[in-house]
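Enquirer: Sharing a structure, written as structure tokens. Questions coming.
The values are calculated or read from the model by the stated rules, or taken from the named source; none is laboratory data. From a predicted model like this one, the values you see are computed outputs, not experimental measurements. Cβ coordinates were reconstructed from backbone atoms using ideal geometry, including for glycine residues, and neighbour counts include every protein chain displayed. Just so you know, the surface numbers come from the protein's heavy atoms only, side chains and all, with ligands and any DNA or RNA stripped out. Shrake-Rupley method; radii C 1.70, N 1.55, O 1.52, S 1.80 Å.
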Amino acid sequence: MEKVLIIGAGPAGYTAAIYAARANLTPLVIAGPLPGGQLMLTSDVENYPGFIDPIPGPELMEAMRQQSERIGAAYNYAQVTEVDLSKPPFKVWTDSDEMIESQTVIVCTGASSRMLDLPGEKELVGRGISTCAVCDGFFYKGKDVLVVGGGDSALEEASYLAKIANTVTLIHRREKFRGSKVMQDRVLSFKNVAVIWNTAIDEILTLPDGKLNGVILKDLGNGRKSEKSCDGVFVAIGHIPGTELFKKWLDLDEEGYIKVQNGTRTNIPGVFAAGDCVDRVYRQAVTAAGMGCMAALDCERYLSFI
Ligand code: NAP
């Protein structure tokens with residue numbers, strides 16, 4: 001029987017593990033086969049306090065993991081397949097056929113990229129369609145790429161790609177960016193970046209060998225369609241919280257984010273949630289880490305009263 005089971009290993013999960021371990025609660029983190037969360041796809045993190053120079057996302061995550069292990073957190077790299085939060089002890093099953101019981105659970109399952117949901121899109125991920133310029137940008141050196149979206153992610157992807165690709169065309173469904181002014185200014189300062197406003201991708205075009213070679217764009221004002229050739233499409237239209245496993249048990253908002261109150265408490269006493277699976281607004285490594293800390297402190301308080 002665990003005292004504290006943490007599901008997910010991004011900044012929230014690692015920080016919850018550090019605080020729970022420091023409180024002598026010997027937490028077990030179910031990290032999944034690819035721990036680290038979205039920061040594993042980030043090259044340079046410049047805004048995490050405490051580092052004078054930019055630190056690569058994977059390095060920051062590895063440091064957090066090692067820090068928590070040194071203090072006493074344990075790790076299990078299986079995937080959670082099912083949970084039963086009906087009453088304590090809470091039960092969690094993994095794809096290694098284990099059942100783990102715990103007095104408390106901290107959900108830190110993060111979020112993943114939202115996709116366009118167009119025919120052929122899934123098959124082309126990694127072969128023309130990407131959600132990560134830092135990971136895949138190199139393959140588009142000197143090529144023509146599109147970036148879909150109008151938030152900070154799309155602007156950041158476009159700025160990164162502008163230094164590698166021949167041309168970058170931002171496709172945005174409205175006539176105004178959602179992203180910050182500073183990011184807008186940065187991306188528009190590149191001579192090889194153009195924006196097509198009020199437009200959506202209607203269709204993905206492929207060559208007979210299955211490779212992407214363009215898209216059909218639809219002007220959302222007049223409905224007119226046009227063909228645009230390109231070598232790659234980077235989709236940056238937001239995220240979907242990783243809460244599917246919990247929807248039977250936890251109160252979620254209309255977009256699937258876990259609802260919390262009084263800090264990180266969910267609707268089930270003894271179950272806490274932190275990071276991008278809760279936070280649809282800030283979504284920063286530092287805010288996720290802060291919530292992970294809060295969840296561990298809330299959890300410790302809960303355990304001291306039962
Ligand atoms: P976001 O702010 O929610 O923006 C998503 C963008 O995609 C919006 O422009 C939205 O259009 C568009 N969109 C959504 N669904 C679409 C669809 N089906 N088809 C076409 N377009 C669609 O998400 P984000 O850019 O990932 O940013 C998330 C949070 O992380 C924000 O708080 C952001 O500030 C933060 N962030 C910060 C940085 C940084 O500071 N360096 C970098 C990345 C992200 P509408 O505008 O019409 O809704």
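Enquirer: Return yes when G72 is over 21 Å from the mean Cα position of the chain (by Cα), at positive phi and buried (at least 16 other Cβ atoms within 10 Å of the Cβ) and no when it is not.
Expert: On the way: over 21 Å from the mean Cα position of the chain (by Cα): yes; at positive phi: yes; buried (at least 16 other Cβ atoms within 10 Å of the Cβ): yes.
Considered against the rule, which asks whether it is over 21 Å from the mean Cα position of the chain (by Cα), at positive phi and buried (at least 16 other Cβ atoms within 10 Å of the Cβ), G72 comes out as yes.
Enquirer: Also: Restricting to strands (runs of 3 or more DSSP E) lying wholly in segment 22-91: which have 1 or more residues that are over 27 Å from D251 (Cβ atoms)?
Expert: Values: elements: 28-30, 74-76, 80-84.
Answer list for segment 22-91: 74-76.
Enquirer: Now a separate question. Taking segment 136-181, which residues are of a type in the set (K, R), touching a residue at least 40 places away in the same chain (Cβ under 8 Å) and within 14 Å of V195 (Cα to Cα)?
Expert: Taking segment 136-181 and keeping what is of a type in the set (K, R), we get 141, 143, 163, 173-174, 176, 178, 181.
Now narrow it down to the ones that are touching a residue at least 40 places away in the same chain (Cβ under 8 Å): 143, 173.
Correct list: R173 only.
Enquirer: Quick one: which of P269, P208 is open to solvent by 70 Å² or more (accessible area, probe 1.4 Å), farther than 21 Å from S86 by Cβ and more than 19 Å from the chain's Cα centre (by Cα)?
Expert: Numbers: P269 fails: farther than 21 Å from S86 by Cβ.
Every option except P208 fails the conditions.
Enquirer: Here are the criteria: (1) under 26 Å from A12 (Cα atoms); (2) open to solvent by less than 30 Å² (accessible area, probe 1.4 Å); (3) touching a Gly at 6+ places or on another chain (Cβ under 7 Å); (4) more than 16 Å from the ligand (Cβ to nearest atom). Tell me which single one L155 does not satisfy.
Expert: With respect to (1) under 26 Å from A12 (Cα atoms); (2) open to solvent by less than 30 Å² (accessible area, probe 1.4 Å); (3) touching a Gly at 6+ places or on another chain (Cβ under 7 Å); (4) more than 16 Å from the ligand (Cβ to nearest atom), L155 is out only on (4).
Enquirer: Here's a follow-up. How about segment 40-75: which of its residues are modelled with pLDDT of 95 or more and within 18 Å of C132 (Cβ to Cβ)?
Expert: Correct list: E59, L60, M61.
Enquirer: Read through the list (1) open to solvent by 60 Å² or more (accessible area, probe 1.4 Å); (2) within 16 Å of the ligand (Cβ to nearest atom); (3) touching a residue at least 24 places away in the same chain (Cβ under 8 Å), then give the number of the only condition that M291 fails.
Expert: Here M291 clears every test but (1).
Residue-wise test of (1) open to solvent by 30 Å² or more (accessible area, probe 1.4 Å); (2) in contact with a helix residue (DSSP H, G or I) (Cβ under 7 Å, 6 or more places away or on another chain); (3) within 10 Å of the ligand (Cβ to nearest atom); (4) among the aliphatic types (A, V, I, L, M).
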position	(1), (2), (3), (4)
L146	no, no, no, yes
G150	no, no, yes, no
S159	no, yes, yes, no
H172	no, no, yes, no
